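Chemist: Attaching a single structure in structure tokens format; questions to follow.
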Amino acid sequence: LFFALFFALVYLFLSSPGEVVVDKNDGITNVINKSREQMKKLLPLIVILFAAPSLCFGDTSNKWRIEVSGGANSDGEMIFSLTPKDSEGISIRVTVKDGTGENRVAKTIRNAFKEQLPKDHYKVEVDDGEDVLVKKKGDAKNFGLTLVSSSVSNTEIEIEKE
């Protein structure tokens, strides 16, 4: 959201017509136009500076919460990606059947994570019935967790850092 607002403001500033301020020496107009040109030259650098940390390092934590909302109204598959810091990601596939309730979807996700992740690196458990907690164990690296895709209708997934 922050990035969207930032880029919208920058776009509006750069695309708006030049402000015309007249004084006796026309010095203010020249300053405004000059600062706008400098901003246009700095824009690629600003974009790189804001985007680079998230692209290079991603968002990592030692524990994530997967919140499940709604039961499944179709057969489908969810694909999650768990990426330990400075390592390759692990894809976790979760198959969900039509008619599976919210709490059962959470248990299905938990079971798939337990089956597909190294047991000595991660602890996975259901919390509050409809949430799944994924925690690192021991010396395992902090990790990122994202939902890559889902073809399960009516089931919403929200992933939050704990």
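Chemist: Give K123/K161; K97/K161; K97/K123; K97/K119 a once-over and call out the pairs whose C-alpha atoms are over 20 Å from each other.
Modeler: Check vs 20 Å cut-off fails for K97/K161; K97/K123; K97/K119.
Chemist: Pull up all non-local amide H partners of T155: gap of 5 or more, or a different chain, and H-to-H distance under 5 Å with H placed in the peptide plane.
Modeler: N73
Chemist: With viscosity set to 0.692 mPa s and temperature to 37 °C, compute the Stokes-Einstein D of region 114-159, Rh being the Kirkwood radius across alpha carbon pairs; µm²/s, no decimals.
Modeler: Numbers: Rh = 12.4 Å.
The Stokes-Einstein estimate is 264 µm²/s.
Chemist: In whole Hz, what ³J(HN,Hα) sequence does region 154-162 give by Karplus (6.51, -1.76, 1.60; θ = phi - 60°), x for Gly and Pro?
Modeler: Result, rounded to whole Hz: 6, 10, 9, 10, 10, 10, 10, 6, 8.
Chemist: Can you compute the modelled spin-label distance between T146 and E125, with each label point 7 Å from Cα toward Cβ, in nm?
Modeler: Label-label distance for T146 and E125, simple model: 2.9 nm.
Chemist: Apply the Karplus parameterisation 6.51 cos²θ - 1.76 cosθ + 1.60, with θ equal to phi minus 60°, to every residue of region 121-136 and state each ³J(HN,Hα) to the nearest whole Hz, in sequence, with x for glycine and proline.
Modeler: For region 121-136, the Karplus-derived couplings read 10, 9, 10, 10, 8, 8, 10, 6, x, 10, 10, 10, 9, 10, 10, 6 Hz, x marking Gly and Pro.
Chemist: Pop out the ³J(HN,Hα) list for region 82-90 in order, Karplus 6.51 cos²θ - 1.76 cosθ + 1.60 with θ = phi - 60°, rounded to Hz; leave Gly and Pro as x.
Modeler: With the stated coefficients, region 82-90 comes to 10, 10, x, 4, 6, 9, 6, x, 10 Hz.
Every read-out reported here was derived from the displayed coordinates using simple, explicitly stated rules and does not represent laboratory data. All figures in this text were calculated on a predicted structure; none of them were measured in a lab. When we count neighbours, we look across all protein chains shown, and the Cβ atoms used for this are built from the backbone with ideal geometry, even at glycine.
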